[in-house]
Amino acid sequence: MSELQHEEAWRFLLAGTSCMLAAAVTNPIDVVKIRMQLENEMAEQKGLTHLKGRYYNGWVKGCATIVKDEGIPGLYKGVFPSLMREGSYSTIRLGAYEPLKRVFGATDPAHTPLWKKICAGAMSGAVGSSIATPTDLVKVRMQAQGKLGHGEQKRYASTFSAFREIFREGGMRALYTGVGPTVKRAAILTATQIPAYDHSKHLILNAGLLTEGVPLHVTASMIAGFCTACTTSPVDVVKTRVMNQCQITKPYKSAFDCFAKTLRAEGPLGLYKGFIPNWMRIGPHTIVTFFVFEQLRKVIGMAPV
């Protein structure tokens with residue numbers, strides 16, 4: 001193995017490790033986000049006007065409600081498929097970002113045009129998510145199920161039984177339910193998150209405001225997290241709803257149909273349901289990801305992002 005191949009292998013390994021750790025830390029917020037995005041879904045169109053009240057009223061109260069109903073384990077629903085997702089999707093999206101950036105001719109990290117970073121991020125995110133959609137599907141469905149009613153059974157007994165049941169319902173096509181909005185979200189997310197971190201970090205360095213180190217990494221991560229929450233929230237709501245729908249009775253024909261119906265039934269704010277927990281998840285997720293990624297690179301002697 002050549003020195004370049006050795007470095008690329010390490011980059012992918014460190015990318016997956018840092019993203020999996022970030023996912024484990026932020027899983028409780030992710031559960032609240034999913035619940036809030038699905039809450040009162042299409043209520044007006046279904047004639048359920050009595051559902052105006054919010055059960056998961058804000059991410060703090062949402063966490064408290066889940067703990068009260070389901071205990072602490074409720075906040076960690078879907079953590080295993082979430083780790084599987086990060087180990088595949090995020091290994092590719094973060095690991096392939098820098099090599100793809102070089103394909104676009106980016107040889108100077110300090111003075112790379114933003115458009116090249118955005119293109120590299122969009123491509124790596126789209127490829128990673130198109131492969132990892134089944135793990136994302138199982139994660140969403142396991143996180144979506146709240147407190148069980150009397151006589152109600154869990155949707156899936158375990159992560160692997162979820163894969164088996166979904167495959168039995170509709171084969172590989174069923175496992176890729178929501179692949180369209182998933183790929184769109186991943187392309188937008190990665191085209192925002194990694195380039196925003198990369199670009200803001202080097203703008204700060206070039207301006208002499210901070211030097212390479214933890215304060216710089218955290219600052220750039222916070223900027224990237226906010227930018228990502230703003231760009232991904234609408235498509236994240238659509239992805240969650242399309243993935244959570246039943247295979248038999250599908251209220252949405254496509255991602256665009258879901259977008260239109262949500263907008264018509266719930267207004268523009270319906271597309272930003274769960275924005276705060278989305279931001280509160282992406283922010284810490286971004287900070288942990290890049291902090292760990294940069295520190296691990298330092299340990300093995302690899303140059304920073």
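Quick notes on this structure:
- Residues satisfying the stated conditions in the stretch 104-129, i.e. more than 19 Å from residue 200 (Cα to Cα) and modelled with pLDDT of 95 or more: 123, 124, 125, 126, 127, 128, 129
Condition check ((1) crowded, with 19+ Cβ neighbours inside 10 Å; (2) of a type in the set (S, T, N, Q)) across all residues:
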| residue | (1), (2) |
| --- | --- |
| 209 | no, no |
| 219 | no, yes |
| 224 | yes, no |
| 236 | yes, no |
| 239 | yes, no |
| 243 | yes, no |
| 246 | no, no |
| 268 | no, no |
| 285 | yes, no |
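- Residues satisfying the stated conditions in the stretch 159-178, i.e. surrounded by fewer than 16 Cβ atoms within 10 Å (Cβ to Cβ) and of a type in the set (A, V, I, L, M, F, W, C): 160, 167, 172, 174
- Contact map, the stretch 20-35: residues that are among the hydroxyl-bearing types (Ser, Thr, Tyr) paired with residues that are crowded, with 23+ Cβ neighbours inside 10 Å, Cβ distance under 6 Å, separation 6+ or inter-chain. Pairs shown: 26/281; 26/285.
- Criterion applied to 162, 191, 174 was being out of contact with any Asp or Glu (no Cβ under 8 Å at 6 or more places or on another chain), of a type outside the set (Lys, Arg) and within 18 Å of residue 126 (Cα to Cα), and the one residue passing it is 191.
- Top-ranked residue of the stretch 254-266 - restricted to ones that are of a type in the set (Gly, Ala, Ser) and in contact with a helix residue (DSSP H, G or I) (Cβ under 8 Å, 6 or more places away or on another chain), ranked as surrounded by the most Cβ atoms within 10 Å (Cβ to Cβ): 255
- Verdict on residue 232 being of a type in the set (S, T, N, Q), in contact with a Gly (Cβ under 6 Å, 6 or more places away or on another chain) and under 30 Å from residue 201 (Cβ atoms): no
- Single condition residue 52 does not satisfy, out of (1) surrounded by 19 or more Cβ atoms within 10 Å (Cβ to Cβ); (2) modelled with pLDDT under 95: (1)
- Lone qualifier among 79, 60 - being under 19 Å from residue 278 (Cα atoms), of a type in the set (Val, Ile, Thr) and modelled with pLDDT under 95: 60
- The single condition among (1) assigned to a helix (DSSP H, G or I); (2) surrounded by fewer than 20 Cβ atoms within 10 Å (Cβ to Cβ) that residue 154 does not satisfy is (1).
- Test for residue 258: is it in contact with a Phe, Trp or Tyr (Cβ under 6 Å, 6 or more places away or on another chain) and over 24 Å from residue 285 (Cα atoms): yes
- Condition check for residue 175 on (1) out of contact with any Pro (no Cβ under 6 Å at 6 or more places or on another chain); (2) more than 30 Å from residue 295 (Cβ to Cβ): one failure, at (1).
- Cβ-Cβ under 8 Å pairs, at least 6 apart or on other chains, the stretch 196-213 side farther than 17 Å from residue 283 by Cα and in contact (Cβ under 8 Å) with a residue 24 or more places away in the chain, far side of a type in the set (Gly, Ala, Ser) and in a helix (DSSP H, G or I): 202/110; 205/110; 206/110
- Tabulated pairs, the stretch 161-182, first closer than 12 Å to residue 135 by Cβ, second surrounded by 13 or more Cβ atoms within 10 Å (Cβ to Cβ) and among the aromatic types (Phe, Trp, Tyr), C-beta under 7 angstrom, 6+ apart or interchain: 162/156; 175/167
Quick grid of which residues meet (1) hydrophobic (A, V, I, L, M, F, W, C); (2) at pLDDT 95 or above:
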residue	(1), (2)
194	yes, yes
201	no, yes
218	yes, no
226	yes, no
230	yes, no
238	yes, no
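- The sole residue among 195, 181, 251 that is surrounded by fewer than 21 Cβ atoms within 10 Å (Cβ to Cβ) and within 28 Å of residue 271 (Cα to Cα) is 251.
- Pairs with Cβ under 9 Å, 6+ apart, first in the stretch 254-271 and under 14 Å from residue 235 (Cβ atoms) and modelled with pLDDT of 90 or more, second aromatic (Phe, Trp, Tyr) and in a helix (DSSP H, G or I): 271/259
- The residues of the stretch 192-220 that are small (Gly, Ala, Ser) and in contact with a helix residue (DSSP H, G or I) (Cβ under 8 Å, 6 or more places away or on another chain), listed by number, are 196, 200, 220.
The values are calculated or read from the model by the stated rules, or taken from the named source; none is laboratory data. Note that the structure is a prediction, hence the values are computed from the model and not measured. Note that we place each Cβ from the backbone using ideal geometry, even for glycine, and neighbour counts take in every protein chain shown.
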